[in-house]
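A.B. asks: Structure incoming, see below.
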Amino acid sequence: MNKRAGKFFAVIILALALVFTFTTTAMAEDENTEINPDGVPVTVHLAVSETIKYDMNLQVSGTLTYEFTVNEEKAGINISGKPGTGGMMSDTFVKAGETVTKSRELEAGEYTVILTNDSTNRMEADCTYKISFKPSGETYGKQNNTIETASGPLTMGKKITGFFAMNDSVDIYKIDLKNSGRVTLKVSDINATMLTLMDGQGNSVPAYPTTLGTSKSSTSASYDLLKGVYYAKFERTGNSGIYHLVASFKDANETYVDKLGSTKVLNGSTSIKLNKVVKGQLAENDEDDLYTVYIPKAGDYNITVKVDSSYKAKVWPFSVDSLYKSAKYDTRAEYSNQDSELQKTFIYRGLKKGKYYVYLKKGSDSSPATGPYSFVVKPAPVNNYKPVAGKKKLTAKWEKGTGTGYQVQIALNKSFTSGKKSATITKASTVSKVFKSLKAKKKYYVRVRSYVSYNGTKYYSAWSNKTYVTTKG
């Protein structure tokens, strides 16, 4: 080989070597080294205008803390989420002899740690970083910011740990109710959050969200709901970090399962019986309840409504429509649980035999009142006249009332446990009863109630007021 050919070959070898070296360097820059946030100090030397990237994979959410010190020249650090989540941590470039420490709450995911030599440097920058990580301890570790990825369903009474990150400000939990009742969601150890209760389609069940966790508002919210699947959406409005959540449930113990929801039609109402206590609930997603009751005999009837002391359920408890065309609600019977009044009785006089309706409503849109209630429909009680005393006897008297007949009781005490005697009157027109062979000069208490017979069953009214008389010797 001549000298000229040898020189040419040497140039070719040198060029290939340069290309290979460049390609290897480029590949090294593209393939980031993966690091663990183990808190161990690492010293890095950055060439002029050099940027080094490290991959970091957080398996769980938690708090990431780094300490960055520049020993020589000037350098910067940045931690960003990927893909496309933007910068998570960034600082101005740190000068030689300075140290910066930062902490951020981050969700689980992939991140990139970027170390950069300042563009104004003409020399190598020398820096040290130390990155540590503290897991949040979330009960549900996976991202849960949509209905499809919601955590749960929640176990009632069990305290769970949640976590708001600077790049994850929404947590959604599933609630599966097997019965209707009151759900209470209580949060603690949190600065502020907005709670929205949603149905399966993501629609808000109550009219407005509830702010929780601030010093000026409650730390819990309660909702009266029909059975079904719901979602509790918590949105961070304050600082990020750990919070705790407890869901509790109080069964409404409804007598009948409400399947129709609000705006019921008459032919879809639930049929009830006289003298049967009915338990129900007015809910966020059930604004009214409608029942049908058959009155077997013309006369006066009562409906007694009870509500819980912590609710203000408004009811229109009786209406009549003998033609069964449309409900005509009796607004005169409106009842609101105000001034701690837990029970109220309404008297409906002169009702004809036929079908009637009991209608209960949670109130106006501006002042809704949900919660459990109970009611019972009975024949109205009779008015008991003062008995007439005789020698070792007495005559009980009363006004004619609604029903087929009457039951009369006398006793030597108010509780009707001593010396009690009873009599049943089978004619509605009979309004007195004589009790003989009594003790002389003794005080006897007397009470009367009417009853209506229907299909072989007696439906009694409440007892009349107790009166008493002293027999003669």
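The values are calculated or read from the model by the stated rules, or taken from the named source; none is laboratory data. Small disclaimer: the values here were computed from a predicted structure and weren't measured. Methodologically, a virtual Cβ is constructed for each residue, glycine included, from the backbone with ideal geometry; neighbour enumeration extends over all protein chains shown.
A.B. asks: Can you tell me which condition Arg182 does not meet? The list is (1) assigned to a strand (DSSP E or B); (2) at pLDDT 95 or above; (3) within 16 Å of the chain's Cα centre (by Cα), and all the others hold.
C.D. replies: (2)
A.B. asks: Is it true that some residue in region 92-101 is surrounded by 14 or more Cβ atoms within 10 Å (Cβ to Cβ), touching a residue at least 12 places away in the same chain (Cβ under 8 Å) and under 29 Å from Gly238 (Cβ atoms)?
C.D. replies: Yes: one or more hits.
A.B. asks: State all residues of region 236-258 that are polar (S, T, N, Q) and either crowded, with 17+ Cβ neighbours inside 10 Å or part of a loop (DSSP other than H, G, I, E, B) (or both); if no residue qualifies, say none.
C.D. replies: Answer for region 236-258, where residues must be polar (S, T, N, Q) and either crowded, with 17+ Cβ neighbours inside 10 Å or part of a loop (DSSP other than H, G, I, E, B) (or both): Thr237, Asn239, Ser240, Asn253, Thr255.
A.B. asks: Does region 142-185 hold any residues that are closer than 19 Å to Tyr223 by Cα, touching a Ser or Thr at 6+ places or on another chain (Cβ under 7 Å) and of a type in the set (S, T, N, Q), and which are they?
C.D. replies: Correct list: Thr184 only.
A.B. asks: A further question on this structure: Considering each residue of region 32-61, count those that are outside any strand (DSSP E or B) and either at positive phi or charged (D, E, K, R) (or both), and give that number.
C.D. replies: Going through region 32-61 one residue at a time, the tally reaches 3.
A.B. asks: Filtering region 154-178 down to residues that are within 13 Å of the chain's Cα centre (by Cα) and in a loop (DSSP other than H, G, I, E, B), which residue is surrounded by the fewest Cβ atoms within 10 Å (Cβ to Cβ)?
C.D. replies: Gly157
A.B. asks: Just checking, which of Ser262, Ser271 is modelled with pLDDT of 80 or more and under 27 Å from Lys227 (Cβ atoms)?
C.D. replies: That would be Ser271, the only listed residue that is modelled with pLDDT of 80 or more and under 27 Å from Lys227 (Cβ atoms).
A.B. asks: Looking at the structure I just gave you, is Asp168 acidic (Asp, Glu), touching a residue at least 24 places away in the same chain (Cβ under 8 Å) and within 29 Å of Ser374 (Cβ to Cβ)?
C.D. replies: Considered against the rule, which asks whether it is acidic (Asp, Glu), touching a residue at least 24 places away in the same chain (Cβ under 8 Å) and within 29 Å of Ser374 (Cβ to Cβ), Asp168 comes out as no.
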